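So the structure is just underneath, and the comments pick up after that.
The values are calculated or read from the model by the stated rules, or taken from the named source; none is laboratory data. Because the structure is a prediction, the values reported are computed rather than measured. So basically every Cβ, Gly included, is an ideal-geometry build from the backbone, and we count neighbours across all protein chains shown. These area figures cover heavy atoms from the full protein model, side chains too; ligands, DNA and RNA do not enter into them. Shrake-Rupley method; radii C 1.70, N 1.55, O 1.52, S 1.80 Å.
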Amino acid sequence: MRKILLLASLCCVACCTTENVAPQEDQREVKNIIYMIGDGMGLAHVSMLQIEGGYEPTVFDQADNVALITTYSANNRVTDSAAAGTALACGYKTNNSMIGVTPDSVEVRSIIEKAHDKNFATGIAVTCYIQHATPASFYSHLMDRDDKKKANEDFIASGVDVAFGGGRVYFERFDKDYVQTLTNAGYNVLLDEAQLATVEGDKVVGLFADRSMNKILEGRGDYLANATAKALELLDKNVKNNSREGFVLMVEGSKIDFRTHDHETEAILAEMRDFEKAIKVAKEYADKNPGTLVVVCADHETAGTTIVSNESDFRLSESGIEYKYSTLGHSGVMVPVYLYGAGAEAINGVMDNTELSWKLQELIGVKE
Ligand SMILES: [Zn+2]
C-alpha cells in the first residue's frame, strides 16, 4: 500500500512538472552525433592496434556499447566505399560505385542533408579528398562515384558548414576560380593547414592537399585529430550562437583502406593509431558535452586481413604472429560499431548497415 501511495505521489510530481515545462522543450537525449568511419577497418585492424600496443586498453576497448553491421551492397556481396557510404549516410542499399541514389537512380538524402534542413550544423573531416566516395555519400548524389564535377556542385549546394580534407585539383579542374566560388557560397576558404589553428566562423572549408592528404608515415602529423577538434569547436560555437538543434560531424580515417589495399602492415598500424587519436578527441568532447553520441564504425573490411600464428601447433607457446592479407580488394565480412556517450545503449546487436543509419537519424529526430 505504501508503495502504491508513493508511486501515486511521484506520478503527481511528474504530472505537475510536465505541466510547467514549456511544450517546445527539447526532450531528445542525443543532440550531436560524431559519426566516425574507419575506411576498410575490420576487427583484425582493431586487434592489430591492441596487439601492437601490448594489450593496453585502446579507445575501442572503452566503448559503452558495440554492434556488428553487415556491409553487402545492392548488387555485390562485397561492397565498395560508395555503396557502403550511401548505406551508412542515407540508409539505403545501392549498387557499387553509386552514391546517394538507389540502384534505379532515385536520389536519397543523407543524415547530414536532413540534419542541415532541420537546423543542425554539419561537418566533414577526412584524410582523403572531400569528393571521395565516403565523404561524398554524405552530401552528394552520383550515378558514378568518379563524377567529381557534380560532387563539387552538390557539396556547395549541400550547405555543409565545415569541411576539412584534400581535393583542390578536383575543384580547380572544373572551376579555375573555385576559391571565389566557395567564398561566394559563404565559406571561409583555407588552403594552408597552419590556418586550422586560428580559423573562426560558421562556414569553413579547408582544402589542404591537391588530392588526398599525405600518408601518416609521410608527414601528415596530427592533422586528423586537429581537424576533428577544430570542426567540433566551430560546430559547437555555431550551435550555441545560432540556436541550432545540434550538429552532425562525419570523420573518416580514409587511409586505413588505402594502406590495407597495399598490404603495408606498418602503415596500416600508423593509420589506425592516427584514427584512434581522432576518436579520443571525439570521446573527450562527448564526455564534456552531454547529449553527444560518438559512433565509430567501418564501411567495409579491406583485404581479408587476418592475424595468424607462425606456428600451426597450438599446443606450443607462440613463436610469433603474422599479418596476412587474402585479397587486393575488399572482403564481405561484417564490421564492428563502437558507441560512446548519449544514446549508446540504443544501438547494439547485429544489424544491417542501413539500419544503423536509420537508428542514428531517429536518435537526433531527423528521420523522415
Ligand atoms: Zn578500398
5 angstrom amide H check on residue 125, placed H, neighbours 5+ away: 164, 250, 251, 252
Extension gain (nm, one decimal) between residue 313 and residue 333, 0.36 nm per residue minus Cα-Cα: 4.6 nm
Å² per residue, accessible surface of the chain at 1.4 Å: 43 Å²
Length gained when the stretch residue 185-residue 55 is fully extended (0.36 nm per residue, less Cα-Cα span): 42.0 nm
Mean ellipticity per residue at 222 nm, deg cm²/dmol - from DSSP H runs of n ≥ 4 across the chain, formula -39500 (n - 2.57): -11000 deg cm²/dmol
Relative contact order of the chain, pairs being alpha-carbon contacts under 8 Å that are 6 or more residues apart, as %: 29 percent
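Viscosity 1.567 mPa s, temperature 4 °C: Stokes-Einstein D of the stretch 320-368 from its Kirkwood Cα radius, in µm² per second? Write out the running numbers ahead of the final one.
On the way: Rh = 13.7 Å.
For the chosen part, D equals 95 µm²/s.
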Under 16 Å from the Cα of residue 367 - lysines, other chains or at least 8 residues apart: 31, 114, 118, 359
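If you take all C-alpha pairs in the stretch 33-363, what percent of them are over 34 Å apart?
Values: 9622 of 54615 pairs.
Roughly 18 percent, once rounded to a whole number.
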Distance (nanometres) between label positions extended 7 Å along Cα→Cβ at residue 352 and residue 153: 3.1 nm
Theoretical FRET efficiency, 1/(1+(r/R0)^6), r = Cβ-Cβ of residue 214 and residue 192, R0 22 Å, to 0.05: 0.95
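Which whole number of Å³ per residue matches the convex hull of the alpha-carbon atoms in the stretch 233-284? Before the final figure, lay out each step's value.
On the way: hull volume 3.8 nm³, N = 52.
Dividing the Cα hull volume of the stretch 233-284 by its residues yields 73 Å³.
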Rg/Rh for the stretch 251-368, where both radii come from Cα atoms and Rh is the Kirkwood radius: 1.05
Gaussian network model of the chain, Cα within-10 Å springs - most flexible of 126, 106, 46: 106
Burial ranking of peptide ranges 145-154, 291-300 (average Cβ count within 10 Å, highest at the top): 291-300, 145-154
